[in-house]
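Following: one structure in structure tokens, then a few remarks.
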Amino acid sequence: MASLRLFRTLRLSTCLIQNRALHKFSVNRMRFLPTTNLVNTHANPTRYYTAEAAAKVAKDTTSTPETPVGQSTKHEFQAETRMLLDIVARSLYSEKEVFIRELISNASDALEKFRYTLLSDSTARESFVEPDRSLEIQISTDKQARTLTIADSGIGMSKEELISNLGVIARSGSKAFLEQLKDKQGSDNAGNIIGQFGVGFYSAFMVADKVEVFSRSSSEQIGHKWSSDGTGSYEIQEVNGLQPGTKIVMQLKMDCREFCDEETINAVINKYSNFVGSPIILNGKKVNTVQPLWLMDPKSITPQQHSEFYRYISGAYDLPRFTLHYNTDVPISIHALLYIPDGKPGLFELSRETETGVALYTRKVLIKSRVDNILPKWLRFVKGVVDSDDIPLNLSRELLQNSALIQKLGSVLTSRILKFLHDQSKKSPEEYLKFYADYGLFLKEGIITNHNQTEKEDIAKLLRFESSHKDGGLKVSLDDYLANVKGDDKTIFYLAAPSRALAEASPYYESLKTRQQEVLFCYEPYDELVLMQLQQFKGYRVVSVEKDMRDDKKAADLTNLGDDSLKRSEIDELTAWMKDKLAGKASTVNATTRLENHPCVVTVEEMAAARHFIRTQSHQLSEERRYALLQPQLEINPRHPIVKKLHKLTKSDPQLAELLTKQLFTNSMVGAGLVDDPRILLTSMNDLLAKALEKH
């Protein structure tokens, strides 16, 4: 029953998360690093290691002539069933290669414990064996023997620690070390310790038939060997000739022999553990040569380092256009180094199926190279690194728990990116406009797909449009528009058109132009959808001029039309007659005072949505069904010569008047962008011309 309860407890633990990292060093990590760690990204990997030195180190740490002493003793895992070991070692991780990440992280923890103890305990230097030894991780491969060896010169383990740390599954020695620090100091204080769950070591059994651990505590003269084939028991034997630290020798399975290949191991280290603080030496060569720039002082990083790191982290060949280096501990711990590419996005980047380009690290160890729930999809063009001690991970450290903390992390980063881009638009407006030309589509996607009005308005600060009050080619922001608002009208007007010439000639713009009302011109088909979705900005309504015309009650006041207009009775006769001839097409026909140079226009309830519908779905519906959905309203100008002549033709030549009415309506629909194929103009226009020329 005890075994069953333990099994259930561990199985449940795989679904839980560590909500907060337990401790953080109060002293900057870089103070503890030996200077040999700070290798420039373009440095020679063997810069600090001669062939002779490398051979000696490899011999000392991975090929020590250990001498067993006495008989080994056999022990059972406290979590004793093979099924339990299978769950931890074989079913927990999605990829076999992550065992290298886990074992390197354990080795790094051992080095950190030694380094921290040496600095914090005044008696440690006297009690430790070789206190000034080089602190590093040695890895060696042997294809003939089919073995992989990972060794560290860290704190090491005594016999009792081997039993307690490796004999009990899901007991984390690193976590216990952190708890001891907290008890002693009463504060968070160990940000470089990676281990949390105590299961990473057992990932070695995914690839190995047998695992041997040689370890000697830094404060003891004798070492021990721990060995197991992962079937539920292990043996411990005393060993002479061990160097202080820990060495793990794995006898690889036949189907996992690729892990005794140097290139394979190098690639996995480069992927997961390249930024581990201590040197990693693979077969005599230092392989972790790229610096974790996100943890360095931003002022100390050169443009060349940024360029090289950007290429490393993104796999791209261009240069970063903008660089955002962001560090904060409030409300959560975040170390981020983000880049916006200089090159234009390709078709692949434009697709929403593309993953975001931000890699997620925790304590400098890669969790995921592409993370979708840290930054929103519309920011998928951003490349870089996010490192946080506070990220809640599942037991395998491969998945993120969807929690309020993750949402908070995403919200903080998104807000910081938006603020950064807004600052760039002020500091370097020309460079920002180049960025906007290339990546403005992503910002607009952010508004359309967002449900948070505050965030939509933050994105909207970055939008740029031409203005009716500025020369062609000059673009303004919504804040620029508000700076010029006069009076109490809390409205931002915009007009969608294919070009500036067509926008200025639009019938919808006439009355606004007359009263010198500023209007934003939108030339891209999706711009009006963006502004329609935005709805408001800083308390101002964002309204299309077409909708403003439709909702303008004053325009329906026909009491002062003037002598050059149809009379009120004539207008009523004409609108009723036209509505009858346009039955099934125009929902209503009204007169308006907002037109001057155009005979008529068509308005619908939401012009942007209607145009989008016409472009994408209208071909699936019959003409009758399209008009029933659109409910177009025809607005006529009672002062226009064509409209006045049309009124006369309704009595003198009804057939010609009907052709003219239908042509005016079709023209207005085409002008409003509510016709998917403008070639329909030709048939009705030819009929009208033929009828008009009958008398000639």
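The values are calculated or read from the model by the stated rules, or taken from the named source; none is laboratory data. Keep in mind it's a predicted model, so treat the numbers as computed, not measured. Cβ atoms come from the backbone with ideal geometry, glycine included; neighbour counts cover every protein chain shown. With ligands, DNA and RNA removed, areas are computed over all heavy atoms of the protein, side chains included. Shrake-Rupley method; radii C 1.70, N 1.55, O 1.52, S 1.80 Å.
Here are a few things to note about the model shown:
- Residues in segment 571-592 reached by a label modelled at Gln655 [backbone nitrogen below 18 Å; 7 Å Cα→Cβ]: 581
- Inter-site label distance for Lys645 and Thr449 at 7 Å from Cα along Cβ, in nm: 5.3 nm
- Ligands, DNA and RNA left out, the 1.4 Å accessible surface of segment 530-594 is 42% carbon and sulfur atoms.
- Accessible surface for segment 255-314, divided over its residues, is 39 Å² per residue with a 1.4 Å probe.
- Computed E for Lys486/Glu524 - FRET, C-beta separation, R0 30 angstrom, nearest 0.05: 0.60
- Viscosity 0.692 mPa s, temperature 37 °C, Stokes-Einstein D of segment 200-260 from Kirkwood C-alpha radius, µm²/s: 265 µm²/s
- Of all accessible heavy-atom area on segment 426-510, the percent that carbon and sulfur account for (1.4 Å): 50 percent
- Percent of alpha-carbon pairs separated by more than 20 Å within segment 424-503: 40 percent
- Heavy-atom accessible area per residue - segment 648-696, 1.4 Å, Å²: 61 Å²
- The solvent-accessible area of Asp564, taken with every protein chain present and a 1.4 Å probe, is close to 80 Å².
- Rounded Å value of the spacing that divides the Cα centres of segment 438-460 and segment 544-606: 36 Å
- 3J(HN,Hα) from dihedral phi, segment 552-561, Karplus parametrisation 6.51/-1.76/1.60, rounded to Hz, x for glycine, proline: 6, 6, 5, 5, 8, 7, 10, 6, 10, 7
- Taking amide H as placed 1.01 Å from N in the peptide plane, the amide H of Ile367 sits under 5 Å from that of Leu360, Tyr361, Thr362, each at least 5 places away or on another chain.
- Eigenvalues of the alpha-carbon gyration tensor of segment 421-573, scaled by 5 and square-rooted, set the equivalent ellipsoid semi-axes at 33, 16, 14 angstrom, largest first.
- Long-range amide H partners of Gln536 with built H, under 5 Å: Val542
- Segment 295-393, accessible surface, carbon-and-sulfur percent (1.4 angstrom probe): 54 percent
- Probe 1.4 Å, protein heavy atoms only - accessible area per residue of segment 509-618 in square angstrom: 48 Å²
- Pairwise Cα distances in segment 303-377 exceed 15 Å for 62 percent of all pairs.
- Unit Cα scatterers, Debye sum, segment 557-696: log10 I(q)/I(0) for q = 0.08, 0.16, 0.18, 0.21 Å⁻¹: -0.22, -0.86, -1.06, -1.33
- Rolled with a 1.4 Å probe across the full set of protein chains, the surface gives Arg541 an accessible area near 130 Å².
- In the calculated pair-distance distribution of segment 527-611, the portion above 21 angstrom amounts to 43 percent of the Cα-Cα pairs.
- Loop-resident GluC sites (Glu not before Pro) (DSSP state other than H, G, I, E or B) in segment 628-696 with no more than 10 further Cβ atoms inside 10 Å of their Cβ: Glu694.
- Both radii are taken from the alpha-carbon atoms of segment 270-347; with Rh as the Kirkwood radius, Rg/Rh is 1.01.
- Largest to smallest principal axis extent of the C-alpha atoms in segment 240-308, angstrom: 47, 33, 18
- For His612, solvent-accessible area (1.4 Å; no DNA, RNA or ligand), Å²: 70 Å²
- Calculated from backbone phi, Karplus (6.51, -1.76, 1.60) coupling profile of segment 149-166 in Hz, x at Gly/Pro: 10, 10, 10, 9, 9, x, 5, x, 9, 7, 4, 5, 6, 4, 5, 6, 8, 9
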